[in-house]
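Student: What follows is a single structure, and I will ask about it in a moment.
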Amino acid sequence: MAVHDTIGDFLTIIRNASMAKKDVCTTQISKMRLSIAKILKQEGFILDYSEGENDKGFKQISLKLKYVKNTPAITGIERHSTPGRRLYYGSKDIPRVLGGLGVAILTTSKGVMRARDAREQGVGGELICKVW
């Protein structure tokens, strides 16, 4: 049975597009990808995101990438928990990214949220990715 890491693919699309200095990157849509894009926009790593359809009628999400003086706002984006190795953390054990300069994204019982919000609400969960 083949296992596909759709979130890992999504993060790779963002990483490759920012390294290639693309203005926009598009991929298939899912609730998890929308939640991650919402957090990236709130944290200022991307300019905007939008939902739409491609020419074949499939739903997709488009991300407008952000650049500061021609360098990508996303310096690094890394998948932490994978389908073959799920990593869960309690609210007090959630790791910090670059001493608080980056953002960690978790999926919790209360939805997908930043590590900072999870610590404040006292919930733990699966650490999806880290962005800095």
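Laboratory data are not the source of any read-out in this text; all were calculated from the coordinates shown. If you're wondering where the values come from, they're calculated on a predicted model, not measured in any experiment. Note: ideal-geometry Cβ built from the backbone for every residue, glycine included; neighbour counts use all protein chains shown.
Student: I'd like the projected area of region 6-72, averaged over all directions, using the convex hull of its alpha carbons. Report it in nm² with one decimal.
Tutor: Its Cα hull, projected and averaged over all orientations, spans 4.4 nm².
Student: Out of every Cα-Cα pair in region 77-131, what percent are more than 18 Å apart?
Tutor: Summing the P(r) of region 77-131 above 18 Å gives 20 percent of all pairs.
Student: Can you tell which of Ser30, Tyr89, Ile77 lies farthest toward the positive end of the dipole of region 14-106, using +1 and -1 charges on the Cβ of basic and acidic side chains (Lys, Arg; Asp, Glu)?
Tutor: Projecting each Cα onto the dipole axis, the largest value belongs to Tyr89.
Student: Mind sorting Ser18, Ser50, Ser91 by how few other Cβ atoms lie within 10 Å of their own Cβ, fewest first?
Tutor: Lowest count first: Ser50, Ser91, Ser18.
Student: Taking a 20 Å limit on the Cα-Cα distance, which of the listed pairs Lys38/Lys64; Lys21/Lys56; Lys31/Lys66; Lys31/Lys130; Lys31/Lys59 fall beyond it?
Tutor: Correct reply: Lys21/Lys56; Lys31/Lys66.
Student: Restricting attention to the alpha-carbon atoms of the chain, what are Rg (one decimal) and Dmax (integer), both in Å?
Tutor: Over the chain's Cα set, Rg and Dmax evaluate to 14.8, 46 Å.
Student: Give me the angle, in degrees from 0 to 90, between the Cα long axis of helix 31-42 and the longest principal axis of the Cα atoms of the chain, rounded to the nearest 10.
Tutor: For helix 31-42, the angle is close to 90 degrees.
Student: Filter the trypsin sites (Lys or Arg not before Pro) in region 24-132 down to the DSSP loop ones having no more than 10 other Cβ atoms within 10 Å, then list what survives.
Tutor: Sparse-neighbourhood loop trypsin sites (Lys or Arg not before Pro): Lys56, Lys69, Arg86, Lys92.
Student: Find out how many positive minus negative residues lie around Val24, taking Lys and Arg as positive, Asp and Glu as negative, among other residues whose Cβ is under 12 Å from that of Val24.
Tutor: +2
Student: Remind me, relative contact order of the chain in percent, using alpha carbon pairs under 8 angstrom and six or more residues apart?
Tutor: It comes to 23 percent, rounded to a whole number.
Student: Continuing with the same structure: Roughly how tilted is helix 6-19, in degrees to the nearest 10 and between 0 and 90, from the longest Cα axis of the chain?
Tutor: The helix 6-19 is inclined about 60 degrees to the chain.
Student: Let me ask another. Among Phe58, Phe10, what is the fewest-to-most ranking by other Cβ atoms within 10 Å?
Tutor: Fewest to most other Cβ atoms nearby, the residues stand as Phe58, Phe10.
Student: For region 6-72, what is the relative contact order in percent, using Cα pairs closer than 8 Å and at least 6 residues apart in sequence?
Tutor: Relative CO of region 6-72 lands at 34 percent.
Student: While we're here: Taking the Cβ-Cβ separation of Arg116 and Thr75 as r and a Förster radius of 25 Å, what is the calculated FRET efficiency to the nearest 0.05?
Tutor: My answer for the efficiency is 0.85.
Student: Normalised by the residues of region 77-131, what does the relative contact order come to in percent, with Cα pairs under 8 Å and at least six apart?
Tutor: Value for region 77-131: 49 percent.
Student: Moving on. Using only Cα atoms, locate the centre of region 68-132 and the centre of region 14-29, then give the distance between them in Å, rounded to an integer.
Tutor: So the two Cα centres are separated by 20 Å.
Student: Rounded to the nearest 20 Debye, what is the dipole magnitude of the chain about its Cα centre when Lys and Arg each give +1 and Asp and Glu each give -1 at the C-beta?
Tutor: 240 debye
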